[in-house]
Amino acid sequence: MSKKKSVLVVGAGLSGICISLQLQENNCSVTLVDNGVNFSSRVAVGMINPLVFRRMTKSWRVDDFLPYLKTFYSTIEKQTDSHFFFPVPIRRLFSSEQERDFWLKKEKREDFQPYMNKVSSEDYAYDQGKNPFGSGRVNETFFLDTELFYKKTITYIEHKGIILREEFDFNSLKDNNYNGVKYDEIIFCQGYLNKDNSYFNYLPIDPTKGQVITIKSKSLPEDVSLNRKCFILPKGEQKFKVGSTYEWHNTTTHITEESKLHILENLSYIIDEKVEVIEQIAGVRPTVKDRRPVIGTHPEYKNYHIFNGLGAKGYMLAPLLSKEFVDYLIFGKELDKEIDIRRFNKSE
Ligand SMILES: Cc1cc2nc3c(=O)[nH]c(=O)nc-3n(C[C@H](O)[C@H](O)[C@H](O)COP(=O)(O)OP(=O)(O)OC[C@H]3O[C@@H](n4cnc5c(N)ncnc54)[C@H](O)[C@@H]3O)c2cc1C
């Protein structure tokens, strides 16, 4: 019988959580270290949208990711006796005739049909948001209550493993030993804070700040997520999350008036109501220029690994990619070349 692997996971955001769950599922012993300062996973709105509206394309590998994530999140809901994963219809209010024509072309294609409803007279007549060019409804769209997902999964992981609530101290790491304990593998899942990791900070993970506001509105619909220039996610009792900004190469984590006004201006393309802003939050996404995650093993330290760079779509990507990574780590399966860190050179 093979020995149970002991693994140290650094960072309990979405990446570290999914990796830990997959490792425990494969009978590994997991120690998860986190400093409690999370700037992405717990700030995220948690929307899952199979389309990229800007280019009217399908999201990367969506046909693989969607079926897997539905089973993954529903299974964790059962295991943790909670409900954090919900379907939500998304309606795209077209910005121009050109965008509508793009959609009309794509909706005929077989590979888009699972995700696009055919535009009907009802979509042209839709009047719960400004709709001068008509609108299209997307299928297979979901959102997670990210705070509840975090709380429930952390408790579940701790039940089977160990959580160290502290700053990971790189000075206490010597070969495979951390604070005097020996681990078979060490996996770094630090989000944008990878910049402080001297083993992996050669990888081009760029910080992309994002801000989201919560508003109260009397006129917005509560049964659909409207999208044009911004997204609006209904949260019940006339509250809505609206966002988000993309502030490239920005590592600050405070909210700004400028971003609030920017989001409100975008919202004015959907409604004219003067809404009340009741909350504003900011976070930093770990993004990569080629828009693919960075996953794999250090070129010199063969037991040090990284799982990072989930960008703006972490909640769609993390479930299956964490499985693929654990299959690589435990069973020696090949990693998808598109995500493998070997696409970047480590120059001395
Ligand atoms: C405003 C905003 C909105 C978003 N909306 C969505 C959305 O709707 N849908 C979607 O799919 N994605 C969304 N995202 C993106 C999503 O949040 C990310 O893809 C994902 O959460 C990244 O997860 P991560 O675990 O890699 O990083 P993080 O969430 O940053 O987690 C890293 C963890 O490591 C810890 N850590 C780092 N260094 C150390 C150390 N030295 N010692 C101890 N702990 C350490 C940090 O404290 C943190 O808890 C959004 C992001 C933002 C900012």
Search result, residues across segment 11-36 that are more than 6 Å from the ligand (Cβ to nearest atom) and either outside the structural domain of residue 323 (by TED's automatic domain parsing) or not polar (S, T, N, Q) (or both): 17, 18, 19, 21, 23, 25, 28, 30, 32, 36
Pull up segment 296-334, narrow it to residues that are closer than 28 Å to residue 42 by Cβ and of a type in the set (Phe, Trp, Tyr), then point me to the one that is farthest from the ligand (Cβ to nearest atom). 328
So which residues in segment 221-268 are loosely packed, with under 15 Cβ neighbours inside 10 Å, polar (S, T, N, Q) and touching a helix residue (DSSP H, G or I) at 6+ places or on another chain (Cβ under 9 Å), if there are any at all? 251
Only one residue in 346, 337 is within 29 Å of residue 178 (Cβ to Cβ), part of a loop (DSSP other than H, G, I, E, B) and away from the ligand (no atom under 15 Å from the Cβ). Which one? 346
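Which residue is nearest to residue 246 (Cα to Cα), if the candidates are limited to segment 190-215 and must be out of contact with any strand residue (DSSP E or B) (no Cβ under 8 Å at 6 or more places or on another chain) and touching a residue at least 40 places away in the same chain (Cβ under 8 Å)?
Residue satisfying both the conditions and the ranking: 193.
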Given the criteria surrounded by 20 or more Cβ atoms within 10 Å (Cβ to Cβ) and farther than 27 Å from residue 327 by Cα, does residue 94 qualify? yes
If I filter segment 117-137 for residues that are of a type in the set (A, V, I, L, M, F, W, C) and closer than 15 Å to residue 52 by Cα, do I get at least one hit? no
Got at least one residue in segment 55-68 being more than 30 Å from residue 229 (Cα to Cα), of a type in the set (S, T, N, Q) and surrounded by fewer than 19 Cβ atoms within 10 Å (Cβ to Cβ)? no
Output yes when any residue across segment 106-127 is farther than 26 Å from residue 292 by Cα, surrounded by fewer than 14 Cβ atoms within 10 Å (Cβ to Cβ) and touching a helix residue (DSSP H, G or I) at 6+ places or on another chain (Cβ under 7 Å), and no when none is. no
From 291, 285, grab the single residue that is in contact (Cβ under 8 Å) with a residue 60 or more places away in the chain, farther than 30 Å from residue 184 by Cβ and surrounded by 18 or more Cβ atoms within 10 Å (Cβ to Cβ). 285
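Results for (1) within 14 Å of the ligand (Cβ to nearest atom); (2) within 25 Å of residue 311 (Cα to Cα); (3) surrounded by fewer than 15 Cβ atoms within 10 Å (Cβ to Cβ), shown as yes or no for each residue.
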site: 161; (1), (2), (3): no, no, no
site: 164; (1), (2), (3): yes, no, no
site: 167; (1), (2), (3): yes, yes, yes
site: 181; (1), (2), (3): no, no, yes
site: 188; (1), (2), (3): yes, yes, no
site: 191; (1), (2), (3): yes, yes, no
site: 195; (1), (2), (3): yes, yes, no
site: 203; (1), (2), (3): yes, yes, no
Given the structure, is residue 319 under 24 Å from residue 10 (Cβ atoms) and in contact with a Leu (Cβ under 7 Å, 6 or more places away or on another chain)? yes
Restrict the check to segment 37-45 and report whether at least one residue is surrounded by 17 or more Cβ atoms within 10 Å (Cβ to Cβ), away from the ligand (no atom under 13 Å from the Cβ), not in a strand (DSSP E or B) and not β-branched (Val, Ile, Thr). no
Can you find a residue that is within 13 Å of the ligand (Cβ to nearest atom), of a type outside the set (A, V, I, L, M) and at pLDDT 95 or above anywhere in segment 64-78? yes
Just one of (1) away from the ligand (no atom under 16 Å from the Cβ); (2) without any contact (Cβ under 8 Å) to a residue 60 or more places away in the chain; (3) under 19 Å from residue 86 (Cα atoms) trips up residue 235, so point out which. (1)
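The values are calculated or read from the model by the stated rules, or taken from the named source; none is laboratory data. Note that this is a predicted model, so its numbers are computed, not measured. No Cβ is skipped: glycine too gets one built from the backbone with ideal geometry, and neighbour counts run over all protein chains shown.
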